Amino acid sequence: MTHVVDKRSFYEVKKGFMSWIITLDHKRIGIMYLVSVLIGFGLGGLFALALRLELITPDKLFMADKVYNQAFTLHGVIMVFLFIIPSIPAAFGNFLLPLMLGAKDVAFPRLNLASFHLFLFGALFLVLSVFLGAVDTGWTFYAPYSIYTNTSVIAAVFGAFIMGFSSILTGVNFIATIHTMRPPGMTWFRMPLFIWSLYATSILQVLATPVLAITLLLLIAERVMNIGIFDPALGGDPVLFEHFFWFYSHPAVYIMILPAMGVMSELVTTFCRRNIFGYKYIAYSSIGIAVISFLVWGHHLFVSGQSDFAAMIFSLLTFLVAIPSAIKIFNWIATMYQGSIDPKTPFLYFVAFVLLFCIGGFTGIILGSLSLDVNLHDTYFVVAHFHYTMMGGVLMGFLGAIHYWWPKMFGKMYDEFLAKIACFLIVIGFNVVFFPQFLMGAKGMPRRYHVYDPEFQVYHVISTVGSWVLAVGVILMAYYLIQSIRKGEKAPSNPWGALTLE
Amino acid sequence: MKQLTKDGFVKHEVAHHFESADQEFQTAKLGMWLFLGQELLFFSALFVAYGVFRFLYPAMFIEAHHHLSVNMGFLNTIVLLISSFTMAMAIRSAQVSNKKHTFVFLLITLVCAGMFMVVKYMEYAEKFHHGLLPARWFFGEGTSEVLHIFFGLYFCLTGLHGIHVLIGMGLIIWLLIKTQRGEFYSEYYTPVEMVGLYWHLVDLVWIFLFPLLYLVG
Amino acid sequence: MSEHHVVPIKTYVKTLLTLIFLTFVTVKIAEFDFGDLNVAVALFVAMIKASVVALFFMGLKWDKGFNAVILITSVIFMSIFFLFTLGDIETRAQTDKVEAMRFGINSPVKIIGDGHSESRSKNH
Ligand SMILES: [Cu+2]
């Protein structure tokens, strides 16, 4: 438990913009990622608020059809590529991985900086694409529409391609670090569970992301020279694009959620003052999730024209993911049993995570069953489902991580009372936004529609009001976090009495 | 000021966050292998697309592969195999601190890579001439209406592979400069080893491309 | 670092000769018609060649085991990608047939273009 590095030193050794942008220090790179993903979150959030506001009436309020399509595409692309994927692994992973292992840095510091620069460069292309005529394909870029739309698909796709490489290189770096940089005594089964989850995430990043890269490249090739493999008019198969895309994008869902699960394992041990129940099972379940996640991508293609046989196999395999996920949930709850629980803000986010992720997970099983999915596909039920996993899961994990490691990263304490209020506002607001979406989805409200049947208006109104509550919670959080940097009290070295090395 | 070893090589300093040169070497190698794994998956989608369209249009594939020159493909396969051999020999020479041999073997590898690209250029020129191109520019003649799909795939596969060869050539030039400066010797030859692994992967991909595109009828 | 395995030149020469020999085999074998197995046979020879390159030129034979694990894992996941996607494509004609027969649906999402009917007419 001895960690000799003065924890604020890395802010003070050097000053100025250049000292940050060309730094090789994993902590500074982590902080820069954190700032970037927070900007991404803010941007994506603004689009979400605009979309919700537009949907408050069944007819057009202030967005034209095409603008609406562009807005939900940008909301998706920004949230997925600029926020969720890099959020926990790149920001907290970079900052914490070497500290938790007891290593001096990640294995390849220069590669690490290069990944960050690639990330910025990719983000630049995304921003550029907005000004060149924002994409209106949805974040999935489905062919053949993406081949023919006259919006700036190439710029956006190229941005995602570059950010994919940033993600791959981060994965390479983390796996190499975990394998070779562990000091003697830090055996595989003494590593904090957060590191296990990062390890599983990195496997996915290295093995799945390249397929996204080549898919996007092929889409560009299709637009530039009509190679014909995705274009039915040329004898190609648009469903093949969906296969390629989801071979990456289903595992990507676990690139997003696994690190959040790792954070939860740390939170529950610290705030219940107990050792984790079933350490090895949680560790293995991370790897299990990573492996199974490669076998289920076809559940996104149930109504796309995939063969019945393939759909059946994919549906069956999809249920398997529930097992390792459930193992984690059971073990966390068993850890809480008879623990002396200290309900600080990060722990509240843990509770929110378990609750919301369970709802997200169970509705996932509903969507994974073939017959139900045929009815629910592309309705708001799906929208609500993945927001419960992505937002209820990943965002809660991310916010839990911010509150938990804030004192470590910035050396200041935040206002605990305001933090609790913000937490309640966010969780309640979130449920008000998305729970009605389950209901209207089950009743048949299709997703991505700009104009809808007035029958659904009441749900949309509730949902929109919820988005305002959520926004107030996030703004309050931003307020007290900024306040804490400006004049918060100095944080003790181990404010929560945690047992890990950092 | 850089230190020199007693044989006149530039002494390698182990980066601050590693305990030993061996740890540094093994880490770099592991990282490189992970990168190669990534490369395999990167190419895999193209092979899947190949499999899918071969299944859907078997007759078209048989027709299309007659438009490719087996001799050229064969020549390029041999050239790449030889370059892989010289690359392995360059690494070995660096391992035994033989600066001159390292340089010569790297140079032969570079020449082989150049030859590969020249042959590729000739093949491409022929395809352009006959209009055997992706659909946008396709004006070739054939009985199948979807012949352009084969050439779409052909240009994606060989083009992407060709880009890898070009990148490899750049890396080998970088190695040549460093070798000339005397930076590689028995205690430190990590970059040679890394580029070598990359180069062998480029060879590996071609080993599959050659029979799949040129031969299977 | 001195303990690194230095491979004898002879091994590399033999490897190169084996690979050139196998390239001839690849070309010769393509002249025979194995029917549906053509691709499988070609892939089999290519696999052998690839293993030779990986084992000797890339030095996996003398290397840390984990590097081989990475290679094998990548190949496994490539195969998963390949098998599942092909599994869908190969069984799709069946689905289209059932839909047309039982419900009179001519699915608008199936592959159009002459090639598709070409492969179908071959099957029936
Ligand atoms: Cu999925």
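Every listed requirement among (1) open to solvent by less than 10 Å² (accessible area, probe 1.4 Å); (2) within 16 Å of the ligand (Cβ to nearest atom); (3) part of a loop (DSSP other than H, G, I, E, B) is met by A:GLY228 save one, (2).
A quick yes/no check of all residues on (1) on the phi < 0 side of the Ramachandran plot; (2) surrounded by fewer than 16 Cβ atoms within 10 Å (Cβ to Cβ); (3) under 26 Å from the mean Cα position of the chain (by Cα):
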{"position": "A:LEU399", "(1), (2), (3)": "yes, no, yes"}
{"position": "A:TRP405", "(1), (2), (3)": "yes, no, yes"}
{"position": "A:MET440", "(1), (2), (3)": "yes, no, yes"}
{"position": "A:GLY444", "(1), (2), (3)": "no, yes, no"}
{"position": "A:TRP468", "(1), (2), (3)": "yes, yes, yes"}
{"position": "A:ALA471", "(1), (2), (3)": "yes, no, yes"}
{"position": "A:ALA491", "(1), (2), (3)": "yes, no, no"}
{"position": "A:PRO495", "(1), (2), (3)": "yes, yes, no"}
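For segment A:254-262, check the following and say yes or no: at least one residue is more than 18 Å from the chain's Cα centre (by Cα), under 25 Å from A:VAL77 (Cα atoms) and buried (at least 24 other Cβ atoms within 10 Å of the Cβ). No. Yes or no: segment A:14-25 includes at least one residue that is in a loop (DSSP other than H, G, I, E, B) and of a type in the set (A, V, I, L, M). Yes: one or more hits.
Evaluate segment A:343-358: report whether one residue or more is in a loop (DSSP other than H, G, I, E, B), more than 16 Å from the ligand (Cβ to nearest atom) and under 20 Å from A:TRP405 (Cβ atoms). Yes, segment A:343-358 contains a residue that is in a loop (DSSP other than H, G, I, E, B), more than 16 Å from the ligand (Cβ to nearest atom) and under 20 Å from A:TRP405 (Cβ atoms).
Assigned to a loop (DSSP other than H, G, I, E, B) and without any contact (Cβ under 8 Å) to a residue 40 or more places away in the chain, is that true of B:ALA125? No: the conditions fail for B:ALA125. Comparison of A:ALA260, A:ALA213, A:ALA233 shows that the only residue that is aliphatic (A, V, I, L, M), in a helix (DSSP H, G or I), within 25 Å of A:MET336 (Cα to Cα) and away from the ligand (no atom under 16 Å from the Cβ) is A:ALA260. Among all positions in segment B:202-212, there is no residue which is of a type in the set (Val, Ile, Thr), surrounded by fewer than 20 Cβ atoms within 10 Å (Cβ to Cβ) and assigned to a helix (DSSP H, G or I).
Scanning segment B:51-90 for residues that are open to solvent by less than 10 Å² (accessible area, probe 1.4 Å), more than 7 Å from chain C (Cβ to nearest Cβ), under 25 Å from C:ALA40 (Cβ atoms) and not hydrophobic (A, V, I, L, M, F, W, C) turns up B:GLY73, B:ASN76. Taking segment A:172-204 as the range and being touching a Pro at 6+ places or on another chain (Cβ under 8 Å) and within 30 Å of A:THR137 (Cβ to Cβ) as the test, the residues that pass are A:THR201, A:SER202, A:LEU204.
Within segment A:308-334, the set of residues being away from the ligand (no atom under 16 Å from the Cβ) and buried (at least 23 other Cβ atoms within 10 Å of the Cβ) comprises A:LYS328, A:TRP332.
Restricting attention to segment A:286-297 and to residues that are surrounded by 24 or more Cβ atoms within 10 Å (Cβ to Cβ) and more than 14 Å from chain C (Cβ to nearest Cβ), the residue that is nearest to the ligand (Cβ to nearest atom) turns out to be A:ILE289. Scanning segment C:34-49 for residues that are facing chain B (nearest Cβ under 8 Å) and over 11 Å from the mean Cα position of the chain (by Cα) yields C:ASN38, C:LYS49.
Residue check: A:ASP453 meets all listed conditions (1) open to solvent by 40 Å² or more (accessible area, probe 1.4 Å); (2) at pLDDT 95 or above but one, namely (2).
If you go through segment B:91-110 and keep only what is open to solvent by less than 10 Å² (accessible area, probe 1.4 Å) and either on the phi > 0 side of the Ramachandran plot or within 16 Å of the chain's Cα centre (by Cα) (or both), you end up with B:LEU106, B:THR109. Checking A:ILE195, A:ILE178, A:ILE168, A:ILE154 one by one, the residue that is under 30 Å from A:ALA103 (Cβ atoms), away from every other protein chain (no Cβ under 14 Å) and either open to solvent by 10 Å² or more (accessible area, probe 1.4 Å) or out of contact with any Asp or Glu (no Cβ under 6 Å at 6 or more places or on another chain) (or both) is A:ILE195 and no other. Only one of the listed residues (B:ALA113, B:ALA45, B:ALA125) is more than 10 Å from chain A (Cβ to nearest Cβ), aliphatic (A, V, I, L, M) and open to solvent by less than 30 Å² (accessible area, probe 1.4 Å). That residue is B:ALA113.
The values are calculated or read from the model by the stated rules, or taken from the named source; none is laboratory data. Note that this is a predicted model, so its numbers are computed, not measured. Because the Cβ atoms are built from the backbone with ideal geometry, glycine has one as well, and the counts that use them run over all protein chains shown. Heavy atoms of the whole protein, side chains included, go into the accessibility calculation; ligands, DNA and RNA do not. Shrake-Rupley method; radii C 1.70, N 1.55, O 1.52, S 1.80 Å.
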